[in-house]
Amino acid sequence: MVVIVNYGLGNLGSIRNMLRKLGQDALVAGSPDQLMQADHIILPGVGAFDSGMRNLQSSGFLPALTHKVMLQKVPLLGICLGMQLLTEDSQEGGEKGLGWIAAHTLRLAPGKLKVPHMGWNQVQPVTATPLWDAADWPDWRFYFVHSYYVKCSYPQDVSAHTHYGTRFASVIQRDNIVACQFHPEKSHRFGFQLLRNFLNMSSS
């Protein structure tokens with residue numbers, strides 16, 4: 001079963017509707033015990049880093065998430081803030097992140113381009129990942145809304161780059177953990193295919 005973590009910050013309805021179009025119903029989990037039946041987990045997120053971490057802690061989701069993702073190796077897809085929470089920390093606040101990916105969340109530098117980065121942009125795969133077959137999709141485009149980005153400590157954890165003033169990691173992966181800075185649920189056929197490929201991932 002696909003379980004979407006409801007910790008108070010996320011575009012839950014749109015994600016669930018996209019999954020339904022794939023013929024896959026999903027459980028929106030409001031309590032940690034509902035994670036126990038998951039064979040795929042989606043960690044969405046819209047909002048501030050510190051609020052996200054505090055909500056995960058206060059809701060009691062952290063131990064259950066750690067057990068399912070880090071011990072049972074259940075595939076996890078982090079989306080937007082859900083990707084940033086996987087890192088060690090963020091320039092947005094003072095809370096520590098999950099630290100499951102050796103990375104830091106940094107602010108997009110204001111310049112000629114507006115912050116937040118909002119709208120459609122290309123995603124360029126740089127390593128193989130179950131989320132796509134780059135040969136089948138020469139022009140991946142997704143919908144972004146973010147003011148912060150993830151900088152990985154190890155290049156092998158970066159699966160795709162996007163350019164917006166600077167080049168940043170738009171998809172990261174380590175083992176059963178994958179995450180994207182963009183919103184697949186708002187990205188039409190590209191997001192549809194990415195979610196389908198995520199559902200085809202199996203526990204390692």
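Can you compute the charge dipole magnitude of the chain about its Cα centre, using +1 on each Lys and Arg Cβ and -1 on each Asp and Glu Cβ, nothing else charged? Give it in debye, rounded to the nearest 20.
Charge dipole, the chain, about its Cα centre: 440 debye, nearest 20.
May I ask you to derive the relative contact order of the range 2-199, considering only C-alpha pairs under 8 Å and at least 6 residues apart, and to give it as an integer percent?
19
Loop only per DSSP, at most 14 neighbouring Cβ atoms within 10 Å: give me the trypsin sites (Lys or Arg not before Pro) in the range 70-126, ordered by residue number.
Answer in residue order: Lys73, Lys96, Lys112, Lys114.
In a GNM of the chain with a 10 Å cut-off on Cα contacts, which of Ser159, Ser14, Ser187 has the highest mean-square fluctuation?
Residue with maximal mean-square fluctuation among Ser159, Ser14, Ser187: Ser14.
Give me log10 I(q)/I(0) at q = 0.16, 0.19 Å⁻¹ for the range 39-161, Debye formula, one equal scatterer per alpha-carbon, no solvent.
The Cα Debye sum returns log10 ratios of -0.88, -1.21.
Just name one of Leu76, Ile177, Gly13: the one whose Cα is farthest towards the positive end of the charge dipole of the chain (beta-carbon charges, Lys/Arg +1, Asp/Glu -1).
In the chain, that residue is Gly13.
Any read-out appearing in this document is the output of simple, stated calculations on the displayed coordinates, not a laboratory observation. The structure presented is a predicted model; accordingly, all values stated were derived computationally and were not measured. Methodologically, a virtual Cβ is constructed for each residue, glycine included, from the backbone with ideal geometry; neighbour enumeration extends over all protein chains shown.
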